[in-house]
1. Under the classification rounded if a/c is under 1.5, otherwise prolate if a/b is larger than b/c and oblate if not, where does the chain fall, given a ≥ b ≥ c as square roots of the Cα gyration tensor eigenvalues?
2. For Y28, Y138, what ranking results if the residue with the fewest other Cβ atoms within 10 Å of its Cβ goes first?
3. Given an 8 Å cut-off on Cα distances and at least 6 residues of separation, report the relative contact order of the chain as a percent.
4. Take I93, I22 and order them by how many other Cβ atoms sit within 10 Å, fewest up front.
5. Order these by the 10 Å Cβ neighbour count, fewest first: R60, R116.
6. Wrap a convex hull around the Cα atoms of region 83-136, take a quarter of its surface area, and give that in square nanometres.
7. What's the magnitude of the charge dipole for region 1-86 around its Cα centre, counting Lys and Arg as +1 and Asp and Glu as -1 at the beta-carbon? Answer in Debye, nearest 20.
8. Amide H of L72 versus every other amide H placed in the peptide plane: which residues, excluding those fewer than 5 positions away on the same chain, fall under 5 Å?
Amino acid sequence: MKTTSIPWLVASGGFAAACTAIVAWQLYGRLPAVPLLVAVSLWAMVLVCVMLGRRVSKSRDDHGIGLDRSQLDPLTAARYLVFGQASAWTGAILGGGYAGIASYVIPKSGELLAAREDLPVVVAAALGGLALAAAGAYLERACQTPMPPKASF
């Protein structure tokens, strides 16, 4: 399995931001309000990814990954890795999407009541998506096996 490419995450987030910015600038009046639960759930996922990443890093540093009951199961670490990859991509796309909406909401918040009401949630969701992308990438990299030491002859 390949490591998630940070430039591809940035490009995906940028593409999502551009697409949603086009939609927001044309159809903002027809879009539903952004629910607060979106931002809360993104930040909750950030917390989960960081906690799992710290757990795996601690287990790896203490040589605590193995099949003993006191160790972290390697299959569980592999599942965490996949969870980290999925979180990184989800965060990049959603963070970019909400950043695109923010590109409309921020300048219009002084004029439109709906934009003013959406502003805190949209900004929190955009930042939560970006934080989730970073936390997912951190979790993925924490789950990777270290390179074996080079043999000396």
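1. Numbers: a/c = 3.91, a/b = 2.46, b/c = 1.59.
Prolate is the answer for the chain, as a/c is 1.5 or above and a/b outweighs b/c.
2. Working: Y28 16, Y138 20.
The most exposed by this proxy come first: Y28, Y138.
3. Working: 221 pairs, mean separation 57.1, N = 153.
Normalised by residue count, the contact order of the chain is 37 percent.
4. Values: I93 20, I22 13.
By the 10 Å Cβ count, ascending: I22, I93.
5. Going from least to most buried by this count: R116, R60.
6. Values: hull surface 12.6 nm².
That works out to 3.2 nm².
7. Values: 8 positive and 4 negative charges, 18 e Å.
Dipole of region 1-86, to the nearest 20 debye: 80 debye.
8. HN-HN under 5 Å from L72: I65, G66.
Every read-out reported here was derived from the displayed coordinates using simple, explicitly stated rules and does not represent laboratory data. Computed from a prediction, not measured in an experiment: that's the story for all the values here. Ideal geometry is used to build each Cβ from the backbone, glycine not excepted, and the neighbour counts take in all protein chains shown.
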